[in-house]
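Asks: Once you've had a glance at the structure underneath, I'll fire off some questions.
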Amino acid sequence: MRKTTRRTPVTVLTYLVVGVAAVLFLAPFYFMLRAALMTGMQITDPNWHWLPDPFSLQGFLDVFDDPSVPMAGALGNSFIIAIVTAPVSTLLGSMAGYALARIAVPGRGVVMSFIVVTLMIPTSATFVPTFVLVSAMGGVNTQWGVIAPGLFNAFSVLLFRNFYLKFPQEIEEAGRLDGLGHLGVYWRLVLPNSAALLASLGTLSFIESWNAFLWPLVIGQDPESWTAQIALSTFLTSQTINLPALFAGAVVTILPLIAVFLFAQRYIVQGIAATGMKD
C-alpha cells in the first residue's frame, strides 16, 4: 500500500507530462488539417475558430485541379524515388557494414575512418560536385538522377557495422561448417536476423527521401520530374499564396509518412536500440 501511495503522484505527473507533450506534438497537425478544410477568408479571419464553419474541400480540389501543378504525377515520382531509395540504400549499408565488421582485409580500419569523416562534411560542400557529376551523366530531369546520390548512406554503414560487431559469431561459424562462404552466411543467416535494424533504417530512409526538397528541385527542372515537395511549394510564391491548397497539399503529402511511421515505429526503436546493446 505504501509503494502504491508513493507511486501514484509520480504516475499522475508522468501521464500529465506525456499528455502535454502529446498535445504540443499533435497541435501542428490540427492546425494544418483545420486550415485545409477552410476557405482563404476563414484562414485569414482575425476571429479565431476552432473548427471550419462551414467545412470546405475546395483546397483539396485546387491541389489536383491546378493545370500548372502536376500534383498527382509529383506524388507518383516521390513514391517511386522513396520506394527505391529506402530498400536499396539500406541493403547497401548492411552489406558494407557486414564487410567492415567481419571480413578481415588490410585497410578496413582506414576505410571505416574515411566513412566516418564523410559524416562531418556538410552537404553544401558536396552539392555542386555531385550535381556536376550527375548532370554530366545525363541525370537531369530523370528519377535515377534524384535516386543515385541517396543510395550510399555513411550513417547506415556505421550503424550496421556496430550491430554486426555484436552479432553472435557462433551462428556464423555454424554456417561455415555447412559450407557457406561470407556471402552465404550474410544472406542466409545474418541478414534475416537484422530485420529490426533493416526496417528502422529503411523507414528513416523512406521519410528522408520523401521529404527531400533541394536536390530534387535542382535535378527535376521539368515539371513532369517534380516531387511532391516541389509541387507543394508552387502554391507559395511571391505573387500569390493559395493558403487552402497549400495546407491541403501538406495534408496529402504527409499522409504516406504517417502511415509508414505508424507501421514501423516499433521497429525504429528496436533497430536503433540494437546498435547500442552491450555484450
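The values are calculated or read from the model by the stated rules, or taken from the named source; none is laboratory data. This structure is a prediction, so every number in the text was calculated from the model and none was measured. Cβ atoms come from the backbone with ideal geometry, glycine included; neighbour counts cover every protein chain shown. Just so you know, the surface numbers come from the protein's heavy atoms only, side chains and all, with ligands and any DNA or RNA stripped out. Shrake-Rupley method; radii C 1.70, N 1.55, O 1.52, S 1.80 Å.
Asks: Return yes or no: is Asp45 charged (D, E, K, R) and exposed (fewer than 13 other Cβ atoms within 10 Å of the Cβ)?
Replies: Working: charged (D, E, K, R): yes; exposed (fewer than 13 other Cβ atoms within 10 Å of the Cβ): yes.
Answer is yes for this residue.
Rundown of residues vs (1) surrounded by fewer than 16 Cβ atoms within 10 Å (Cβ to Cβ); (2) part of a helix (DSSP H, G or I), yes/no style:
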{"site": "Pro87", "(1), (2)": "yes, yes"}
{"site": "Gly97", "(1), (2)": "no, yes"}
{"site": "Ile121", "(1), (2)": "yes, no"}
{"site": "Val132", "(1), (2)": "yes, yes"}
{"site": "Gly138", "(1), (2)": "yes, no"}
{"site": "Val146", "(1), (2)": "no, yes"}
{"site": "Tyr164", "(1), (2)": "no, yes"}
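Asks: Also: If you scan the range 152-162, which residues turn out to be open to solvent by 30 Å² or more (accessible area, probe 1.4 Å) and assigned to a helix (DSSP H, G or I)?
Replies: Passing the criteria: Phe155, Leu158, Arg161, Asn162.
Asks: Another question, if that's okay. Which pairs do you get when a residue that is on the phi < 0 side of the Ramachandran plot, found in the range 65-79, comes within reach of a residue that is in a loop (DSSP other than H, G, I, E, B), reach meaning Cβ atoms under 6 angstrom, with the pair 6+ apart or on two chains?
Replies: So the pair list comes out as Val69/Thr234; Ala74/Trp226; Ala74/Thr227; Asn77/Thr227; Ser78/Thr227.
Asks: Same structure again: For the range 217-224, does any single residue satisfy the condition of being free of Cβ contacts under 8 Å to residues at least 60 places away in the same chain, within 30 Å of Ile258 (Cβ to Cβ) and open to solvent by 40 Å² or more (accessible area, probe 1.4 Å)? Quick ask: steps written out before the conclusion?
Replies: First pass over the range 217-224, keeping only residues free of Cβ contacts under 8 Å to residues at least 60 places away in the same chain: 217.
Within this subset, residues satisfying the condition of being within 30 Å of Ile258 (Cβ to Cβ) are 217.
Pick out the ones that are also open to solvent by 40 Å² or more (accessible area, probe 1.4 Å) and you get 217.
Among the residues of the range 217-224, at least one is free of Cβ contacts under 8 Å to residues at least 60 places away in the same chain, within 30 Å of Ile258 (Cβ to Cβ) and open to solvent by 40 Å² or more (accessible area, probe 1.4 Å), which makes the answer yes.
Asks: Moving to a separate point now. Given the criteria touching a residue at least 60 places away in the same chain (Cβ under 8 Å), surrounded by 15 or more Cβ atoms within 10 Å (Cβ to Cβ) and within 20 Å of Ala264 (Cβ to Cβ), does Leu197 qualify?
Replies: Yes, satisfied.
Asks: Also, I was wondering about something else. Give the residue, chosen from Gly202, Gly179, Gly184, that is among the small types (Gly, Ala, Ser), in the same structural domain as Thr253 (by TED's automatic domain parsing), touching a helix residue (DSSP H, G or I) at 6+ places or on another chain (Cβ under 7 Å) and surrounded by fewer than 18 Cβ atoms within 10 Å (Cβ to Cβ). Before the answer, list the steps.
Replies: Values: Gly202 fails: surrounded by fewer than 18 Cβ atoms within 10 Å (Cβ to Cβ); Gly179 fails: touching a helix residue (DSSP H, G or I) at 6+ places or on another chain (Cβ under 7 Å).
Only one candidate passes the filter, namely Gly184.
Residue by residue, here is whether (1) touching a Pro at 6+ places or on another chain (Cβ under 9 Å); (2) part of a helix (DSSP H, G or I); (3) open to solvent by 40 Å² or more (accessible area, probe 1.4 Å) holds:
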position	(1), (2), (3)
Gly59	yes, yes, no
Ile80	no, yes, yes
Leu91	no, yes, yes
Ser94	no, yes, no
Met112	no, yes, no
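Asks: Does the range 262-270 contain at least one residue that is modelled with pLDDT of 75 or more and over 30 Å from Gly97 (Cα atoms)?
Replies: No, the range 262-270 contains no residue that is modelled with pLDDT of 75 or more and over 30 Å from Gly97 (Cα atoms).
Asks: To continue, here is another question. Yes or no: Ser156 of a type in the set (Ser, Thr, Tyr) and without any contact (Cβ under 8 Å) to a residue 60 or more places away in the chain?
Replies: Considered against the rule, which asks whether it is of a type in the set (Ser, Thr, Tyr) and without any contact (Cβ under 8 Å) to a residue 60 or more places away in the chain, Ser156 comes out as no.
Asks: When Thr126 is evaluated against the numbered criteria (1) touching a residue at least 12 places away in the same chain (Cβ under 8 Å); (2) assigned to a helix (DSSP H, G or I), which criterion, by number, is the only one it fails?
Replies: With (1) touching a residue at least 12 places away in the same chain (Cβ under 8 Å); (2) assigned to a helix (DSSP H, G or I) applied to Thr126, the lone miss is (1).
Asks: Going by the structure shown, is Ile171 surrounded by 14 or more Cβ atoms within 10 Å (Cβ to Cβ) and either assigned by TED's automatic domain parsing to the domain that holds Thr227 or not small (Gly, Ala, Ser) (or both)?
Replies: So Ile171 fails the test.
Asks: Next up: Among the residues of the range 166-183, write down those that are assigned to a helix (DSSP H, G or I) and either within 14 Å of Gly97 (Cβ to Cβ) or modelled with pLDDT of 90 or more (or both). Walk me through it before giving the result.
Replies: The initial filter retains those residues of the range 166-183 that are assigned to a helix (DSSP H, G or I), namely 169-177, 182-183.
The answer is His182, and nothing else.
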